[in-house]
Structure formats: structure tokens, C-alpha cells
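Worksheet for the structure shown next.
The values are calculated or read from the model by the stated rules, or taken from the named source; none is laboratory data. Just so we're clear, the structure is a prediction, and the values are computed from it rather than from any experiment. Neighbour counts run over all protein chains shown; Cβ positions are idealised from the backbone, glycine included. The accessibility values were calculated without ligands, DNA or RNA, using every heavy atom of the protein model including side chains. Shrake-Rupley method; radii C 1.70, N 1.55, O 1.52, S 1.80 Å.
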Amino acid sequence: MRLVLACGLCAALLVPLAAAQGPVPLTPGVTSERHVELTPHGPVAYTVITAPAPVGLTTIGPVLGGGTVTGPRQTMTQLEESVSGNAVAAGVNGDFFSGANAVPQGIVMAGGVVQHTPTPAHSSIGFDAAGGMHVGRISFTGTWQGTGQRRPIAGVNQQPRSGQAVLFTPAWGAATPNIANAAEVVLEPFPAAAIDTDLSATVASATSGATPIPADGAVLVATGSAAAKLQAEAPQGTQVTVRLILPDAWASVVSAIGGGPLLVKGGKAVFATGEHFDEADLTTREARAAVGQLPDGHVILVAVEGGRPGYSVGMTTYELARTMAGLGAVTAAGLQYGRFVEAAFDGQPLTRPSQGSNQVPVKEALLVQYAGVYAPAPSPAFVGKANAAAGVQLSYRLTRPSSVTATLIGPDGSSHPVDSGSRQPGTYHFAFSALDAEGTWHWNVQAVDDQNRSSTADQTFVFDETLTGLAVPRSAAVGAGIHASFTLSRPASVVLAIEAANGTRVAALPGTQLAAGAQSLAWDGTMAGGAKAPPGSYLAVVTETSSVGTASYTASFSLHR
């Protein structure tokens, strides 16, 4: 955001311009980048979150609204806030959802535990323990066995149809659905619902309909012909063994989410996948989200904005596929599209809502979570002479008990200790004003948590007193131009540019090498094409590059007839 001050021959706010579009650091190794493309159909804006392969302190996976399959829909920022006690999160919206309880349509798997089974109609997206991404249309099979033979389980935490048995775990919610004539057995204690392993528990009780699900247990529900078998072969006190099975290629998957369609395979955009989507849903330009993996293992989460002609018209599915391939993805798949699309970081939106000014609640998010020490960017990011006395505000955040060393490192390599010792989870704030050298400073925080995991956060800010006293006239006549005056403390190359109030660049003078002392640059009032700039509000943007670095300053003015 730019801060400007309307003034007549007075000092402008010495605040740098927002950085040009490029990767913005979020957490160590995780960045966000804004893209805008002009197409024959209109502008398209999209945000790309890039994260390292999800291993160690950085993980990726779904987060459900309310923490359960049947929990309430929540906004992206609320979903990120729900995990903020354990990690700093960035991500996009998740799977499609349907029904009165807004249940996800596809697989939900977190920490190696199945929370909802996949739908073969759409792609499932999984990440294995080594950080590799899997995309495919997969099916679930499962069995339970009491006193008789193995019997089929149709799914986990999904509404059973007649003649089916379904396993309900605490990830479903407080109680099983109220199904007439259903047979239900409570298994307690019951292991975490991992795949491809025998999960054994004792039948604690036999019930029917809307059975509370124990926090350390599960409930096996059977309907129709399957109900009689459950009642006969799993009486109270019996040991029941459950096995949940996914394809062999998914044996090492630890987190998964539903979505679709497949967008990129082998680095090539996929035009048709045969997945069960209406053609209109694929060919309409609208907001869309996707996840992909690069050849080096990095994961990209993409949120395309849409539904706003003149700002962003969105993409078709194939346009999104080509975009993901163009970003370097070797494999990629779509997520829920339309008004639910949004990207966010640490509880703050990175995109504009597709409709209106409010976020649209979703059932789940796909979040990159970082569990190491996190240091937000120092505030302000630029310190000039006008605000040097106030210094900078620094902070860091821990999600686990840790041993911490926090240091400011000056441009000359000198160290300024700020904090050290054993610290509990939480956010720690500091103010620093002893700025004794111009240039780029580093706010460096190192931590070792109670699991002996090391992490480092490093953020920068600039202290630069090269340019002071920027001033322009409050207003000028059309065609008369303006003079921007200022003082340099050292030689610098200086560029004067003029921008309209909406940020459009109107004119830019060539860079000029200037000596230290009082200086000024003049704009003749004409635009790049030679025509006179029309009446209106403008910004004079002065950018200086010296031995210290580069910084930009602004002052506002208006043109009148």
C-alpha cells in the first residue's frame, strides 16, 4: 500500500513505494507472487503461493471447517486462524462440497489418518511422506471382521446407502447420522484410521441411530442386509478388526484432498480427463484454484480471480492447465472453482473475493503449514531520516516451546542482540531505534524447539537517509508541468516518474546522476505520447539509487485547467 500526503511545497511522506510485482516472502521458503495478464477476453489476475516440498517443518494438507467433516463452513482466514496455534499457514480453498452439512465430495486425509473417503468420479490429490504429489482417480475398499468372515466397508465418514457398512470416527462430528433401522456398534478404544493396517478394537456397546462417537473410538454403522450381519457378528465384547485400503501407489500418502480435474501430467497441459464435470463448468471463464508440483519438489498453490470484468475475468479449465504447465508444474489438479476461490496467508486475504466485498465460507482449505519460528517483516520496511528516531518494530512467533536467539545484523555485519533464552509459544514484540549504519539490516531469529528441530527466520528492512525534503507544488495548470525539489546527502542516480491516482504510469524521465546537495527535477506536463496530461490527481514518484541502495518516495499534486 502506498502512503501519500497532499501538500504544497512541503515535505512528502518518506515512505517507499510498494515493491514491484515479484515473489513476496511469507515464511521461510514460502512466497506469494501476484500475476496480471492481459488477454483478448480481458485481464486475468492470479496469485501463486510457492512452497518447498512438504517435509519437516513445512507440511501441506486439508483443514476442515470446525475441524470435522460435518462442521460449519468457514472463511479462508478463519480456517488459517484455526491452526495458528500450531503453525503459520498459507493456502487456497479446497475440495467441492455438497449437502445440508456441506460434506466434502472427495478424500480428506491428514497426518496419515483418513477422515473421508475418495470419489472415483474426480481426481484425488495426495502428498506422501517424502513430499511427492500424487494425482489420480482412486477408489476405496475396506473390510470389517467380527466373529465371522471379512465384510465390506463402503467408506469412512460418509452417509451409508442401503446394505452398506460405514465407519464413523471423531472426524465426522459428535454423533452418527440418525438412520432408521440401522445397526451400530461402538468400538472403543479405536486406533487412528490409518490405511493398509489392521485396526482392532472391542465392541463397547450396540446401539441404533445418532450414536455419540467417542473421542478415542469409532462407530461402525450398517444398514439394510448389512445390519443383520453386524448385529450377529459383532455383539458387545467382541473384538472387531477394520482395514481401510487405498491403491498400492497411495500406501505412503500422509495427506490428501479431493478436487479435479487433472490439469497437468508429465509437464503437459491436459485437455480432457474424462472426469465427471459438466462441460459448462470446465469451459466458463471464472475464478479457479489449483495445486501443482514443480520438478524440484516445490509445490505451487494458484488462485485465479474471476467474475470481475475489467479487473479479472477468470480462466477456463484448460487455460488454467496451460497456466500451471507454464509455471513449471509437472503434475497439477484443480480444486473448487467459482465464488469460493480465495488465497490467504496467516489469516489475511491475498486475493479479492469473486463476488462482493465479503469472503465466501468454504468447507475446507488446502494449507501449507510452517511450524518453525516465524518473523513478520519489520515495520516500517524502510526507515528514512524523518522516522529514524522512531526506529522499527520487530516481532517473532513460536508455535512450540523453543530456545531462541534473536539478533539484528547491521549492513556492516555488526550484531545487535535483541532477545535470547527459553521461550514459550506466543508472539514476542520489540522496538529498536539504535540505527547506526545506512543500508540493509537483517532481523534474524534462530530457534530450536522441544522436538530438537531447528529453524531460522530472516527479514530485512532498509535504513537510508540519502534523500530528504521531497516537495512539489500542491497544484499546477495543465501543460505547465511541475518541479520536484529535494536534498541528497550523497551522490545518487535519480528518476522522476508521474503516475495517475489509479497507479497508471503517465510519464518517466531518464535517470539523472546528481551530486549531493539541494536538487530538483522537472516534468513538462506531457505524457509519454507527447499529449498534455489531463486535469486530475497525480503522484510524483522520485526513486534514488546510491551506494546505500534504492528507495522511492512520493508526493501528490493535481493538475487543473
Flagged in the range 498-519 as free of Cβ contacts under 8 Å to residues at least 24 places away in the same chain and assigned to a strand (DSSP E or B), in numbering order, are R505, A508, T512, Q513
Expected single match for on the phi < 0 side of the Ramachandran plot, at pLDDT below 95 and open to solvent by 20 Å² or more (accessible area, probe 1.4 Å) among S208, S200 is S208
Limited to the range 52-83, what total is found for residues that are part of a loop (DSSP other than H, G, I, E, B), more than 14 Å from G94 (Cβ to Cβ) and not β-branched (V, I, T)?
-> 6
Please enumerate the residues belonging to the range 520-561 that are without any contact (Cβ under 8 Å) to a residue 12 or more places away in the chain and within 17 Å of F486 (Cα to Cα).
-> T550
Checked the range 437-447 for anything surrounded by 16 or more Cβ atoms within 10 Å (Cβ to Cβ) and among the β-branched types (V, I, T); matches are V445
Cβ pairs under 6 Å, 6+ apart, first in the range 183-195 and of a type in the set (G, A, S), second open to solvent by less than 20 Å² (accessible area, probe 1.4 Å) and in a loop (DSSP other than H, G, I, E, B) = A193/T169; A194/G112
For the range 105-132, how many residues meet the condition of being crowded, with 23+ Cβ neighbours inside 10 Å and either within 16 Å of I195 (Cβ to Cβ) or in contact with a Ser or Thr (Cβ under 6 Å, 6 or more places away or on another chain) (or both)?
-> 13
A272: open to solvent by 20 Å² or more (accessible area, probe 1.4 Å), of a type in the set (G, A, S) and without any contact (Cβ under 8 Å) to a residue 24 or more places away in the chain, yes or no?
-> yes
Residue count, the range 458-498, condition in contact with a helix residue (DSSP H, G or I) (Cβ under 6 Å, 6 or more places away or on another chain) and open to solvent by 40 Å² or more (accessible area, probe 1.4 Å), comes to 1
In this structure, is R243 in contact with a Ser or Thr (Cβ under 6 Å, 6 or more places away or on another chain) and open to solvent by 40 Å² or more (accessible area, probe 1.4 Å)?
-> yes
Check off (1) within 18 Å of F340 (Cβ to Cβ); (2) touching a residue at least 60 places away in the same chain (Cβ under 8 Å); (3) more than 19 Å from the chain's Cα centre (by Cα) for T77 and give me the number that stays unchecked.
-> (3)
Would you check if there is a residue in the range 86-104 being surrounded by 18 or more Cβ atoms within 10 Å (Cβ to Cβ), of a type in the set (A, V, I, L, M, F, W, C), closer than 21 Å to F345 by Cβ and modelled with pLDDT under 95?
-> no
Taking the range 147-194 and keeping residues over 39 Å from the mean Cα position of the chain (by Cα) and open to solvent by 20 Å² or more (accessible area, probe 1.4 Å) leaves T147, G148, Q149, R150, R151, S162, G163, A180, N181
Condition met for R285 (open to solvent by 50 Å² or more (accessible area, probe 1.4 Å) and touching a helix residue (DSSP H, G or I) at 6+ places or on another chain (Cβ under 8 Å)) = yes
Counting only residues in the range 401-436 that are hydrophobic (A, V, I, L, M, F, W, C) and not in a strand (DSSP E or B), the one least open to solvent (accessible area, probe 1.4 Å) is identified as L435
Number of the condition not met by V494 [criteria: (1) of a type in the set (A, V, I, L, M, F, W, C); (2) under 30 Å from D412 (Cβ atoms); (3) within 35 Å of the chain's Cα centre (by Cα)] | (3)
Looking at this structure, is Q336 assigned to a loop (DSSP other than H, G, I, E, B) and among the polar types (S, T, N, Q)?
-> yes
Working only within the range 12-44, note down all residues that are open to solvent by less than 60 Å² (accessible area, probe 1.4 Å) and at pLDDT below 50.
-> A12, L14, V15, P16, L17, A18
Would you check if S547 is open to solvent by 60 Å² or more (accessible area, probe 1.4 Å) and either of a type in the set (S, T, N, Q) or at pLDDT 95 or above (or both)?
-> yes
Lone qualifier among F96, F140 - being under 22 Å from the mean Cα position of the chain (by Cα) and of a type in the set (F, W, Y) = F96
For the range 217-316, which strands (runs of 3 or more DSSP E) that fit wholly inside it have 1 or more residues that are under 21 Å from the mean Cα position of the chain (by Cα)?
-> 253-258, 262-265, 288-293, 299-304
Within the group V445, V494, which residue is in contact with an Asp or Glu (Cβ under 7 Å, 6 or more places away or on another chain), among the hydrophobic types (A, V, I, L, M, F, W, C) and assigned to a strand (DSSP E or B)?
-> V494
Check whether at least one residue in the range 415-433 is at negative phi, at pLDDT below 95 and acidic (D, E), and report yes or no.
-> no
Within the range 448-457, which residues are open to solvent by 30 Å² or more (accessible area, probe 1.4 Å) and part of a strand (DSSP E or B)?
-> V448, S454, T456
For the range 342-386, how many residues meet the condition of being part of a loop (DSSP other than H, G, I, E, B), open to solvent by less than 10 Å² (accessible area, probe 1.4 Å) and touching a Gly at 6+ places or on another chain (Cβ under 8 Å)?
-> 1
Within the range 136-149, the residues that are in contact (Cβ under 8 Å) with a residue 60 or more places away in the chain and assigned to a loop (DSSP other than H, G, I, E, B) are R137, I138, S139, F140, G146, T147, G148
